[in-house]
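> Sharing a structure below in structure tokens format, with a few things to ask.
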Amino acid sequence: MRSLLALGLALLAVAGLRADDLVGKTVKVKKDGVQLGRQTGTGLIREGDALSRAKTYTVKTEDDGYIQLVGQTGFLFTQDVEVVAALPKKDDKAKKPDPKDDWTGKKVLPKKPKKDIQFGDWIDGKQEYFPAHNLLNCIVRQDRGGFLRVYDMRREGWVLKEDFLLSEDAPIPDLLG
């Protein structure tokens, strides 16, 4: 009986997590070229517009594993997208970090490959993401708590602070050993 009660509570917890859905959240597709489709009884027929990974979209509706995006005709599977954090605006002063944690003016190194780092900015009032050119040994132009504004040798953009480390804190390989 206790195991059934525990199972019931676990299912309620999962259902509760499900209530916090994607509607209204900013997302981007996980890979370029994912096509919108129309729902069928067994899935999607992908015959709509192809979406770009460089752009962000707002989720209009979510129902049973399918989502619809604001301004788009057609549906996607929820697993086709990932939620992106709202980028700070260049002049946003409200999210400054504690001075002892401020990386402004310091050199940073990425913790993962550039293809796995979200690099973007606000363009015409919308968040846009683009491929980074060179994120090695960048200088931080602004630090807004969880985000860094860096220059990739082509343009400035925002990246997640957690994807970088200070160059001065990077491990130095033992080249002589």
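> Quick one: length gained pulling V70 to K89 fully straight, 0.36 nm per residue minus the C-alpha distance?
Answer, rounded to one decimal: 4.6 nm.
> While we're looking at this one, here's another question. Indicate the gyration tensor shape class of region 92-133 (rounded, prolate or oblate), computed on the Cα atoms with a ≥ b ≥ c the square roots of the eigenvalues: a/c under 1.5 is rounded; otherwise a/b larger than b/c is prolate and the rest oblate.
The shape class here is oblate.
> For the cross-link pairs K55/K114; K31/K112; K31/K107; K114/K161; K25/K89, which exceed 22 Å when the distance is taken from alpha carbon to alpha carbon?
Beyond 22 Å between Cα atoms: K31/K107.
> Please label the shape of region 74-157 as rounded, prolate or oblate, based on the square roots a ≥ b ≥ c of the eigenvalues of the alpha-carbon gyration tensor (a/c under 1.5 means rounded; beyond that, a/b larger than b/c means prolate, else oblate).
prolate
> I would also like to ask the following. Suppose R0 equals 25 Å. What FRET efficiency, 1/(1 + (r/R0)^6) with r the Cβ-Cβ distance, do D124 and T61 give to the nearest 0.05?
0.50
> Now, a different point. Shape verdict for region 23-83, please, from the Cα gyration tensor: rounded (a/c under 1.5), prolate (a/b greater than b/c) or oblate.
oblate
> For K114, project a label point 7 Å along Cα to C-beta. Then give me every residue of region 24-39 with its amide nitrogen under 20 Å of that point.
Those under the cut-off are 31-32.
> Apply 1/(1 + (r/R0)^6) to the Cβ-Cβ distance of D21 and D101, taking R0 = 30 Å, and write down the FRET efficiency to the nearest 0.05.
So, using R0 = 30 Å, E works out to roughly 0.35.
The numbers here are math on the coordinates, done by the rules we state, and not lab data. These figures come from a predicted structure and were not determined experimentally. Cβ atoms come from the backbone with ideal geometry, glycine included; neighbour counts cover every protein chain shown.
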